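Following: one structure in structure tokens, then a few remarks.
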Amino acid sequence: MVNATPEILRDTKIVVDLGKIAYNMSKIREMVGPQTEVMPVIKANGYGHGALAIAPTLIKNGAAALAVATLTEALELKDAYPDYPVLIMGHTPNRLLHHVVARDIIQTIWSIEQAEMLGSLAASLQKNARVHIKVDTGFHRLGKAPSDAFAAEICRMFNVAHLCVEGIFSHLALAGTEADEIQYQQFLHFVQKLEGLGCRFRYQHIADSIACVDYPRYRMNLVRPGALLYGMKSAQFGDLPVVQALTFQTAISQLHQVAAGEGLSYDYLWKAKRDSIIATLPFGYADGYPRNLREKGYVIINGVKAPIVGVICMDQCMADVTDVPDVCCGTEAIIYGDGHDGSMTIEEAASLAGTNKNDIIARLTARPPRVYIGE
Ligand SMILES: *Cc1c(COP(=O)(O)O)cnc(C)c1O
């Protein structure tokens, strides 16, 4: 059989709507306009959505390149799609730079030593190594601060044989409008100074999801949205009507009658206040569900909220379904949805778990199968 849908071997699954990712990408492109390109960030397995599965959708919808954090993430993409441009935004240790050159990966660097090493590796393979330079405007994570010495060092990089300096970028700490503006101005002035010294950068970029919505002028000629692509909104001033692309769902594995006064799960931390019907659900913290959602989280079953009760285990948890009609083994439960059915959104999960939305989606592990719809 051609194109047979692979059998899904688990009830707990992550359904990703590629049509929604395409829609979000088109909204971002519309917002930034034709002068600015979009480089989707698909690190951490595409924020849990599956980097390999979403990459073609993003390229088809006009991505200039794909950005990841690590060499392993870049290699995984290059194995599947040798021709897609992939930027590693993180540091690659010198001993591993030969992989970058051999696989035509674009690397972030900030020193002449890294530039020379890439240039000589590229020369030996008769290739050109492509790099983006990282400028530290205050985050103090990667890159060097703007200075005459750094400017001179960057000018030298342009003379390294077999090296193509393709871009320059910085990252905002998003510590507030004033602090953001200081970072942006520092970056802009440094790029202008370098241009005055004869350096030309095809790409200049500083904006992540929040910045590209909130600060139109920070878009420069390339933006690096991650969260926004998946439908996560965090912008404070602007708004972009992106939609959550992912649904996390499962099905009841067993039902129990629990008498008033009885406990359940580890340590019996939850005790039934009334005679209750408890559903066992086959997902747990090893699937990426926050363990601290005990007695805060809930699932939607037959349109009704069923609170998670008792300690959340590695692979399973329990929900009180006493007030839910028509439950049986196999009934579907929505863990994270887009909220239209009353389901817990990623945003609500983040707020209940005391973290941010990116953390909630990026922590979804490889164990739940991904199911792709919408294309
Ligand atoms: C993760 C990351 C992004 C994307 O951030 P979002 O907030 O998800 O848009 C952009 N740039 C860099 C350098 C990053 O590490």
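What follows draws every value from the coordinates through simple rules; no lab data is involved. Computed from a prediction, not measured in an experiment: that's the story for all the values here. Here Cβ is always computed from backbone atoms with ideal geometry, including for glycine, and neighbour counts include all displayed protein chains.
Please sort by residue number the trypsin sites (Lys or Arg not before Pro) in the range 65-113 whose DSSP state is loop and whose Cβ has at most 13 other Cβ atoms within 10 Å.
none
May I ask you to derive the relative contact order of the range 18-230, considering only C-alpha pairs under 8 Å and at least 6 residues apart, and to give it as an integer percent?
19
So what's the back-of-envelope 222 nm ellipticity for the chain, counting only DSSP H runs of four-plus at -39500 (n - 2.57) apiece and dividing by all residues, rounded to 500?
Theoretical 222 nm ellipticity from helices: -8500 deg cm²/dmol.
Could you tell me which trypsin sites (Lys or Arg not before Pro) in the range 189-241 are loop residues by DSSP with no more than 13 other beta carbons within 10 angstrom of their beta carbon?
Working: sites: K193, R200, R202, R217, R219, K233; in loops: R200, R202, K233.
Filter output for the range 189-241: R200.
For V299, list long-range residues whose amide hydrogen, built 1.01 Å from N in the peptide plane, is under 5 Å from its own amide hydrogen.
It is A306, I308, by chain and number.
Hey, if you drop one equal point scatterer on each alpha-carbon of the chain and run the Debye formula without solvent, what base-10 log of I(q)/I(0) do you get at q = 0.06 Å⁻¹?
-0.29
Express the relative contact order of the chain as a whole percentage, based on alpha carbon pairs under 8 Å and six or more residues apart in sequence.
18
Return a whole-number percent for the relative contact order of the range 43-99, with Cα pairs under 8 Å and 6 or more residues apart as the contact set. Spell out each step's value before the answer.
Numbers: 56 pairs, mean separation 18.7, N = 57.
Contact order relative to length: 33 percent.
Quick check for me: using +1 on Lys/Arg Cβ and -1 on Asp/Glu Cβ, what's the dipole size of the chain about its Cα centre, in debye to the nearest 20?
The calculated dipole for the chain is roughly 740 debye.
Loop-only chymotrypsin sites (Phe, Trp or Tyr not before Pro) in the range 191-289, please: DSSP not H, G, I, E or B, and at most 13 other Cβ atoms within 10 Å. Could the numbers behind the result be given before it?
On the way: sites: F201, Y203, Y218, Y230, F237, F248, Y266, Y268, W270, F283, Y285; in loops: F201, F237, F283.
When the chymotrypsin sites (Phe, Trp or Tyr not before Pro) of the range 191-289 are filtered for loop state and at most 13 Cβ neighbours within 10 Å, F237 remain.
Below 28 Å, Cα to Cα, which lysines can K43 reach? Residues fewer than 8 away in the same chain don't count.
Excluding near neighbours in sequence, the set is K13, K20, K27, K60, K78, K127, K134, K144, K233, K357.
Out of Q107, C329, L118, whose Cα points farthest toward the positive end of the dipole of the chain (charges: +1 Lys, Arg; -1 Asp, Glu; placed on Cβ)?
L118
What is the angle, in °, between the Cα long axis of helix 177-196 and the longest principal axis of the Cα atoms in the chain? Nearest 10 is fine, range 0 to 90.
Taking the Cα atoms of the chain, the angle to 177-196 is about 30 degrees.
Mind giving me the nanometre distance, one decimal, between the label points for N302 and L96, set 7 Å out from Cα along Cα→Cβ?
So the label points at N302 and L96 sit 5.1 nm apart.
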